[in-house]
Amino acid sequence: MNGVKILINVIVVDTDILIDAGRNINEALNCLRQYEQKAKLAISMITKMELVVGCRNKNELRSIELFIRRFQILNLNENISTHADKLLCKYRLSHGLLIPDALIAATAISWNYQLISKNQRDYRFIEELNLLPYPYNNQ
């Protein structure tokens, strides 16, 4: 194919990794670089909102807006909302699942995409979720 690399795989990136990348933490930057070579990276609309809420001024907001341009943004829909509700009912009391994490997990599950998160403990109990290892593990 004339040296053109086709990316058919998509990986959803959790908010925590993007926050660390914004702080220039090498582990997060390397993780994004490595996974970006294998797949298209995406974020949930919830992640975008969490990043915006964390901004302290307009300069930070502009920086975030520029930074997230490299990611596909996955909007919420009825299927994701319904799935997040089911995850909360199943895991809130037993594992402390939070609303944003339920929505991010439901986004990855609904699109049948993998998820990468620094906080593996927030997601590892969700059986149907394809959670990738962090930090990046070259397997």
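The values are calculated or read from the model by the stated rules, or taken from the named source; none is laboratory data. Bear in mind that the values here come from a model prediction, so they are computed numbers and not experimental data. Don't worry about glycine lacking a Cβ; one is built from the backbone with ideal geometry, like all the others, and counts go over all protein chains shown.
Looking across the range 20-62 at every residue that is modelled with pLDDT of 95 or more and either in contact with a Gly (Cβ under 7 Å, 6 or more places away or on another chain) or among the hydroxyl-bearing types (Ser, Thr, Tyr) (or both), the one that is farthest from Asn130 (Cα to Cα) is identified as Thr47. Filter the range 47-57 down to residues that are in a helix (DSSP H, G or I) and free of Cβ contacts under 8 Å to residues at least 40 places away in the same chain and give me whichever is surrounded by the most Cβ atoms within 10 Å (Cβ to Cβ). Checking each candidate, the answer is Leu51. Within the range 126-138, the residues that satisfy the criterion of being buried (at least 16 other Cβ atoms within 10 Å of the Cβ) and either touching a His at 6+ places or on another chain (Cβ under 7 Å) or under 21 Å from Asp85 (Cα atoms) (or both) are Ile126, Leu129, Leu131. Looking at the range 86-100, can you tell me whether even one residue there is in contact (Cβ under 8 Å) with a residue 60 or more places away in the chain, part of a helix (DSSP H, G or I) and closer than 27 Å to Glu27 by Cβ? Yes, the range 86-100 has at least one match.
Checked against the criteria, Glu60 does not count as surrounded by fewer than 19 Cβ atoms within 10 Å (Cβ to Cβ) and touching a Pro at 6+ places or on another chain (Cβ under 6 Å). Only residues in the range 22-46 that are under 26 Å from Ala102 (Cβ atoms) count as the first member; pair them with residues that are at pLDDT below 95 and not in a helix (DSSP H, G or I), Cβ under 6 angstrom, at least 6 apart or cross-chain, and list the lot. These pairs meet every condition: Glu27/Pro135; Cys31/Pro135; Cys31/Tyr136; Ala39/Leu7; Ala39/Asn9; Lys40/Leu7. Among the residues making up the range 113-132, those that are out of contact with any Phe, Trp or Tyr (no Cβ under 9 Å at 6 or more places or on another chain), in a loop (DSSP other than H, G, I, E, B) and in contact (Cβ under 8 Å) with a residue 12 or more places away in the chain are Tyr113, Tyr123, Glu128.
Annotation note: of Glu78, Glu65, the sole residue that is loosely packed, with under 14 Cβ neighbours inside 10 Å, more than 24 Å from Glu27 (Cα to Cα) and of a type in the set (Asp, Glu) is Glu78.
Within the range 78-96, identify whether any single residue is at pLDDT 95 or above, among the hydrophobic types (A, V, I, L, M, F, W, C) and within 29 Å of Arg23 (Cα to Cα), and answer yes or no. The answer is no; no qualifying residue exists. Thr15 falls short on exactly one of the conditions (1) free of Cβ contacts under 8 Å to residues at least 12 places away in the same chain; (2) in contact with an Asp or Glu (Cβ under 6 Å, 6 or more places away or on another chain); (3) among the β-branched types (Val, Ile, Thr), and that condition is (1).
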